[in-house]
Amino acid sequence: MSRKFTRRDLIAGSLVGAAGIMGLEERILLAAIQDGKDPNAAKPPPSTEQKIPTGKIGKYTVSRLILGGNLIGGYAHSRDLIYVSELFKAYNTKDKIFETIALAEKHGVNTILVSENLIKIVNMYKKETGSKIQMIIDFRPVEESPTANVDKTIDLGADLIYIHGASGDNCVKANKIDILQKCVDYIRSKGVPAGIGAHSYYVLEQCRDVKLEPDFWVKTFHHDKYWSAHPKEKREPFSVDNKQSPNHDEIHDNMFCLEPEETVEFFKTNKTPFIGFKTLAAGAIPPANGFKWAFDNGADFIAVGMFDFQIADDCSIVRKVIENAKDRQRPWCA
């Protein structure tokens with residue numbers, strides 16, 4: 001018979017594998033478990049540092065750091081390295097995914113952004129641990145019947161739904177922005193906050209021009225000051241996730257926000273809650289740098305894929321960056 005895990009079990013298991021990077025609280029807990037003592041007696045009182053600042057999207061209170069699903073789902077965005085996705089999948093077993101989510105919750109993250117491939121395992125985690133972690137689920141409309149799977153997505157446990165970034169790009173590129181409007185209207189009619197995802201700045205621009213305003217945006221958001229970013233003059237609109245060029249000076253799974261300056265300018269005057277994702281350009285930008293740039297330039301939330309051994313440091317960085325966000329001009333969403 002398989003054992004059901006509590007979040008304390010999961011955190012303890014993850015600590016054994018991450019002993020070299022633990023903080024004081026984790027070391028006390030691990031020592032107690034290894035000595036056969038009651039870990040509840042050994043654990044110090046909860047620290048206020050474990051909280052992540054929050055904001056509102058609709059009726060939901062969301063941590064400003066959201067756990068992204070790509071790494072635990074095996075989506076690597078690894079440029080031309082052909083083995084990385086399989087490595088991620090091999091590392092992220094069911095137990096490891098449970099540990100990762102538990103650690104994120106322990107450090108103050110209350111929301112996870114997932115695609116369809118992760119919904120089942122997140123629901124298993126919630127059932128086995130009693131977790132209340134919120135799910136933002138992406139939705140990919142089909143042209144013939146754009147809203148056909150919305151009800152299914154809600155039934156699977158979506159707290160918030162957004163149109164996947166590739167779908168947002170493709171609808172605008174094909175001049176079918178009406179599909180986005182139909183989806184947003186239908187999702188809202190079900191009492192669920194409706195978001196629009198995008199890799200391209202032109203999705204933001206076109207939605208603005210037709211006065212299509214979602215309940216929240218999910219937009220790639222990173223600067224281009226890293227080695228593998230290709231030159232600005234070689235950036236083709238709508239090429240993210242749609243092209244893999246053999247030319248080293250063109251796109252090859254290496255850049256996800258092709259118009260960072262334009263995106264910053266858009267959000268200076270747009271007050272809709274904004275989730276920035278790919279803020280580290282899929283691992284090319286150091287967290288302290290990427291998180292600061294994203295929050296300083298207008299993101300209300302950031303969705304970040306994290307391995308278990310990265311969570312404590314990333315959460316600490318986010319707290320410090322938000323506390324010291326002196327250069328931010330755009331008001332935070334409440």
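The values are calculated or read from the model by the stated rules, or taken from the named source; none is laboratory data. Quick caveat: nothing in here was measured; it's all calculated off a predicted structure. All Cβ positions, even for glycine, are placed from backbone atoms using ideal geometry, and neighbour counts span all protein chains on display. SASA here: full protein model, heavy atoms, side chains in, ligands and nucleic acids out. Shrake-Rupley method; radii C 1.70, N 1.55, O 1.52, S 1.80 Å.
Remark: accessible surface ordering of D185, D296, D169 (largest first) is D185, D296, D169, probe radius 1.4 Å.
Cross-link pairs exceeding 29 Å in C-alpha to C-alpha distance, out of K219/K243; K120/K176; K106/K127; K89/K268, comprise K120/K176; K89/K268. Taking every DSSP helix (H) stretch of at least 4 residues in the chain, weighting each as -39,500 (n - 2.57) and dividing the sum by the residue count yields a mean residue ellipticity at 222 nm of -11500 deg cm²/dmol.
Each peptide among 128-139, 319-330 gets the average number of other Cβ atoms lying within 10 Å of its residues, and from highest to lowest they stand as 128-139, 319-330.
Can you bin the range 233-334 into rounded, prolate or oblate? Criterion: square roots of the alpha carbon gyration tensor eigenvalues sorted a ≥ b ≥ c, rounded for a/c under 1.5, prolate for a/b above b/c, oblate for the rest. Note, shape of the range 233-334 comes out oblate. Partners of K326 within straight-line reach, counting aspartates and glutamates whose Cα lies under 16 Å from its Cα and excluding those fewer than 8 residues away in the same chain: D296, D300. Spacing of the modelled spin labels on E323 and E233, each 7 Å from Cα toward Cβ, amounts to 4.6 nm.
Per residue, how large is the accessible surface of the chain? Use a 1.4 angstrom probe and give square angstrom. Please report the intermediate quantities before stating the final value.
On the way: 15550 Å² over 334 residues.
Dividing the accessible area of the chain by its residue count gives 47 Å².
For S78, the shell of other residues with beta-carbons less than 11 Å away shows a net charge of -2, using +1 for Lys and Arg and -1 for Asp and Glu.
Of K56/K126; K51/K211; K59/K96; K190/K271, which sit over 28 Å apart, Cα to Cα? Pairs exceeding the cut-off: K51/K211; K59/K96.
If you take the beta carbon distance between S85 and E205 as r and set R0 to 30 Å, what does 1/(1 + (r/R0)^6) give as a FRET efficiency, to the nearest 0.05? Write down the numbers at each step before the final one.
Working: r = 32 Å, r/R0 = 1.08.
Working from the Cβ atoms, E equals 0.40.
Please label the shape of the chain as rounded, prolate or oblate, based on the square roots a ≥ b ≥ c of the eigenvalues of the alpha-carbon gyration tensor (a/c under 1.5 means rounded; beyond that, a/b larger than b/c means prolate, else oblate). Since a/c reaches 1.5 and a/b is larger than b/c, the shape of the chain is classed as prolate. For the chain, a Gaussian network of Cα nodes joined below 10 Å ranks P141, P260, P246 by mean-square fluctuation, and the top entry is P246.
Dipole magnitude for the chain: computed about the Cα centre from +1 point charges on Lys and Arg Cβ and -1 point charges on Asp and Glu Cβ, it is near 960 debye.
Contact order, relative form, for the chain: 18 percent (alpha carbon pairs under 8 Å, 6 or more residues apart, mean separation divided by residue count).
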